[in-house]
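A short worksheet on the structure shown next.
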Amino acid sequence: MRPAAIAFAAAGFLASAAAAALVANFAVNKLEQATERLTKTALVASGQSWADVRADGTLVILTGTAPDEKKRIQALDSVTAVVSSNRIRNQTEVAESVPAVAPDFALEILRNGTDISLIGITPEMGEDSPIHDALGSIDHMSLIDMQEPTDWPAPEGWASAFDFGVKAMTEVERAKISILPGAVSVTAVVKSDAEKTLLAQKLLAEKPDDVTLNMEITAPRPIFSPYSLTFVKNGTDATLLCEALTKESAATIIDVAKSSGVSDPACEIGLGAPTDNWAEVAIAGINAVNEMGRGQLEMQDSGITLISPEGFDPDRFAAITDRLQAALPEAYVLHPVLTKKPLPEDADSRPQFTAKRPAEGPVVLSGVTIDEISRQTVESYAEAMFGFRMVNDKTEIANFAPHGWTPHQLVALDVLGLLDEGEISISEEEVIVTGKGQVPNLQGAIKMRLDEGFGADARFSINVEQVIPAPETPDVPDPKQCEADIAALLAKNRILFPPSSAVIEAESEQVITEIAKVLNRCNTAWFEVGGHTDSQGGEDMNRNLSQARADAVIDALLSRNLLLGPLTAVGYGETRPIADNETEAGRMQNRRIEFKLREGDPATAAREAAALKAAATAVAEAMVTPDPPLRRPENLKTFTVDFLSETPQNSTSEETNGQN
């Protein structure tokens with residue numbers, strides 16, 4: 001063989017070997033890439049992202065540190081599912097395990113009467129736990145147990161804190177008790193400050209030495225009804241019974257009471273005062289009593305009674321009560337009581353009582369009453385009948401008044417109430433009535449009331465004038481004034497609509513309500529509600545829109561459920577402008593709703609309008625004459641056009657239809 005041939009053959013062999021090696025290397029790379037992609041996808045899908053995989057030829061090498069042995073096995077199973085186990089080399093490791101830590105033990109006990117809740121993580125306590133005995137001691141107990149017991153042993157300080165917290169639960173009906181190892185917190189609500197002090201002392205006495213106690217005990221203030229204060233002063237001695245909103249206000253009242261001669265004043269703290277400035281009002285009343293030297297102050301809620309000593313100067317008492325009244329807030333009502341000295345009994349003293357009602361001014365009471373309670377009763381009855389502060393009581397207390405005297409005084413006031421002006425005087429011998437009034441059958445009504453109150457055997461002298469009351473003229477409002485009032489309302493607030501709409505804007509609902517009230521006042525008058533538009537748009541469209549808006553206004557007025565007079569809606573469209581339609585300001589003024597007072601009967605007007613409309617329609621129809629049918633002249637000639645030659649040819653043929 002020639003050397004050239006040998007060389008050529010060798011070169012071909014070497015080239016083939018190189019090509020085969022190149023193809024084999026390419027195939028191996030592709031296989032490794034496909035294997036890695038497939039196994040990594042399987043690991044991610046199974047949640048084993050901690051594992052790493054690497055392909056080496058046909059081998060798959062699995063590496064990484066698993067959180068635990070279970071995760072390591074799951075990763076291996078995920079790879080085995082996509083690659084033969086013979087090709088897998090498992091080089092994964094398992095992380096070192098962390099020793100378990102005991103939980104933070106805590107128990108919270110919530111108690112509201114017989115309802116108890118247990119919440120928290122506790123060590124295993126078993127059946128002999130003291131909480132079972134404590135719960136059993138509460139009658140009709142309702143338990144919600146949300147404890148999470150564990151197998152861990154109780155930490156140091158837990159047992160003593162737990163026993164103390166459970167015992168504290170039985171001491172108070174409303175509380176939150178938080179138990180931690182060596183510490184207990186008690187948040188409780190009790191009924192009074194005294195109970196608060198006793199509970200705090202008891203818990204401190206029962207607390208173990210190795211337990212820290214944190215207490216928050218509150219006592220809500222009681223509610224007093226009525227809220228009262230009584231201050232009585234007799235010369236140098238004085239007494240005080242009072243209630244106050246706060247300790248500070250109580251201290252202020254007590255300081256004033258001490259300076260007024262009260263040896264050991266005290267005030268209870270509680271809620272229920274009519275105003276926050278109760279203490280200031282009480283001090284003003286105490287000072288008024290001090291100014292008199294003797295007397296009594298009674299406060300019950302917003303009512304204040306100032307009682308003078310017997311025989312106190314009336315003018316001075318009036319000055320004191322006026323100053324006290326000026327110092328009182330508006331919420332308080334002062335009732336001054338001037339205690340009069342009893343009249344001495346002698347042979348010439350005879351009981352008499354007179355009540356006089358002038359044409360103007362207060363009713364004047366004079367004469368005698370049995371005692372202070374009777375005097376106050378008569379005065380209060382008179383104020384209820386004739387008005388507060390419309391009674392001037394000048395009566396005096398006399399212990400020689402006969403039995404039944406006070407009821408007779410009340411009957412006398414009833415009779416005086418029948419008179420517009422007059423006087424009634426009663427004594428043991430007779431009853432004298434004079435005056436005038438408008439009550440029908442005045443003398444008979446007076447006689448009937450006296451018979452009922454004094455008996456038919458009593459002596460009556462009745463000299464009264466029967467006044468015929470003038471006929472009342474009904475207060476009929478002026479419809480023109482109502483029209484002016486509506487115009488004034490619309491001048492301030494127009495009735496607005498969206499463009500091209502008959503829906504009233506929400507902001508115009510208030511003025512609609514005010515107009516309805518005016519129309520209710522003039523509910524016998526007939527009003528026209530006119531709708532107007534500007535000149536933009538077609539005439540028919542504007543007329544229809546204005547009519548719809550006028551109708552909408554009437555519907556809105558009727559929806560107020562008030563008694564209204566007749567209302568007529570008329571749409572004028574653009575026919576009655578009040579401003580220039582060439583400007584925006586003018587067009588805005590022309591878009592309006594107007595209320596006009598109409599005269600006559602609306603039903604008659606409606607019939608007349610309908611008759612006029614029918615007559616106008618008939619006249620319009622009569623004036624319309626139909627056009628005669630069009631006929632072709634008899635000698636009309638037609639032309640025939642030859643479209644090929646475009647030369648018209650004369651023809652004598654005629655059309656036979658005779659119409660267009």
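The values are calculated or read from the model by the stated rules, or taken from the named source; none is laboratory data. The shown structure was predicted, so the numbers you read here are calculated from the model rather than taken from an experiment. Glycine gets a Cβ as well: all are built from the backbone with ideal geometry, and neighbour counts include every protein chain shown. Side chains included, ligands, DNA and RNA excluded: accessible areas come from the protein's heavy atoms. Shrake-Rupley method; radii C 1.70, N 1.55, O 1.52, S 1.80 Å.
Helix-derived [θ] at 222 nm for the chain: sum -39500 (n - 2.57) over DSSP H runs of at least 4, divide by residue count, nearest 500?
Rounded to the nearest 500, it is -12500 deg cm²/dmol.
Could you give the semi-axes, largest first, of the ellipsoid that matches segment 43-178, computed as the square roots of 5 times the alpha carbon gyration tensor eigenvalues and rounded to whole Å?
Three semi-axes, in Å: 56, 15, 11.
Viscosity 0.890 mPa s, temperature 25 °C: Stokes-Einstein D of segment 419-522 from its Kirkwood Cα radius, in µm² per second?
128 µm²/s
Using modelled amide H (1.01 Å from N, peptide plane; none on Pro or chain starts), what sits under 5 Å from the amide H of residue 421, excluding residues fewer than 5 places away?
436
When the Karplus curve 6.51 cos²θ - 1.76 cosθ + 1.60 is applied with θ = phi - 60°, which whole-Hz ³J(HN,Hα) does each residue of segment 190-204 get, with x for Gly and Pro?
10, 8, 8, 5, 5, 5, 4, 5, 4, 5, 4, 5, 5, 5, 5
Net charge within 11 Å of residue 119 by Cβ-Cβ distance, Lys/Arg positive one each and Asp/Glu negative one each, not counting residue 119 itself?
Charge balance near residue 119 sits at -2.
Which whole number in µm²/s is D for segment 273-419 by Stokes-Einstein, with the Kirkwood Rh taken over Cα pairs at 4 °C and 1.567 mPa s?
78 µm²/s
Starting from the exponent 0.38 and prefactor 2.2 Å, build the expected Rg for segment 101-178 from its residue count and divide its actual Cα Rg by it.
1.06
Provide the per-residue ³J(HN,Hα) series for segment 217-225, in order, calculated from phi with Karplus coefficients 6.51, -1.76, 1.60 and θ = phi - 60°, each as a whole number of Hz, with x at glycine and proline positions.
Each residue of segment 217-225 in turn: 10, 10, 10, x, 5, x, 10, 9, 8 Hz.
Counting only residues 5 or more places away or on other chains, whose amide H sits under 5 Å from the amide H of residue 574 once H atoms are built in the peptide plane?
Sorted by chain and number, the residues that satisfy this are 533, 543.
Please list 3J(HN,Hα) in residue order for segment 48-53, calculated via the Karplus relation 6.51 cos²θ - 1.76 cosθ + 1.60 where θ = phi - 60°; whole Hz, with x for glycine and proline.
Computed from phi, the couplings for segment 48-53 are 9, 6, 5, 7, 10, 9 Hz.
Tell me, Kirkwood radius of segment 108-264 from alpha-carbon pair distances, in Å?
About 18.7 Å, per the Kirkwood formula over Cα pairs.
For segment 148-201, take every pair of Cα atoms, bin their distances at 5 Å starting from 0, and report each bin as a whole percent.
In order of increasing distance, the bins hold 4, 18, 25, 21, 14, 9, 5, 3, 1 percent.
What is the set of long-range amide H partners of residue 497 at a cut-off below 5 Å, with H atoms built 1.01 Å from backbone N?
505
Of 524, 65, which has the most accessible area with a 1.4 Å probe, and how do the rest follow in descending order?
Most to least solvent-accessible, the answer reads 524, 65.
Order 41, 246 by their accessible area, 1.4 angstrom probe, all chains in place, largest first.
Sorted descending by solvent-accessible area, the residues read 41, 246.
Kindly provide the trypsin sites (Lys or Arg not before Pro) of segment 359-459 that DSSP labels as loop, not H, G, I, E or B, and whose Cβ sees at most 10 other Cβ atoms within 10 Å.
Qualifying residues, ordered by number: 389.
About the Cα centre of segment 443-521, what is the dipole size in debye to 20, counting +1 per Lys and Arg Cβ and -1 per Asp and Glu Cβ, all else neutral?
The dipole of segment 443-521 has a size of about 80 debye.
At 10 °C and a viscosity of 1.306 mPa s, what translational diffusion coefficient does Stokes-Einstein give for segment 359-441, taking Rh as the Kirkwood radius over Cα pairs? Give it in µm²/s as a whole number.
120 µm²/s
Where the only charges are on Cβ atoms (+1 Lys, Arg; -1 Asp, Glu), what is the dipole of segment 26-78 about its Cα centre, to the nearest 20 debye?
120 debye
Please report the equivalent ellipsoid semi-axes of segment 420-470, computed as sqrt(5 x eigenvalue) of the Cα gyration tensor, largest first, in whole Å.
Its equivalent ellipsoid spans semi-axes of 21, 12, 7 Å.
Per residue and in Å³, how big is the convex hull formed by the alpha-carbon atoms of segment 466-566?
Spelled out: Cα convex hull of segment 466-566, divided by residues, is 122 Å³.
Within straight cross-link reach of residue 517, meaning Cα distance under 24 Å, which lysines are found once same-chain residues fewer than 8 apart are removed?
480, 492, 596
For segment 362-468, which GluC sites (Glu not before Pro) are in a loop by DSSP, counting at most 14 other Cβ atoms within 10 Å?
Passing sites in segment 362-468 are 428, 429.
Just reorder 495, 462 by solvent-accessible area, largest first, 1.4 Å probe, all chains present.
462, 495
Count the net charge of all other residues whose Cβ sits under 14 Å from the Cβ of residue 104, scoring Lys and Arg as +1 and Asp and Glu as -1.
My count for the surroundings of residue 104 gives -3.
Based on the Cα atoms of the chain, what semi-axes does the equivalent ellipsoid have, where each is the square root of 5 times one gyration tensor eigenvalue, given in whole Å with the largest first?
93, 76, 21
Taking just the C-alpha trace of segment 259-300, give me its Rg and Dmax in Å.
11.5, 31
Of the cross-linked pairs 233/258; 356/394; 30/71, which ones have a Cα-Cα span greater than 23 Å in the structure shown?
From the list (233/258; 356/394; 30/71), the Cα-Cα distance tops 23 Å for 30/71.
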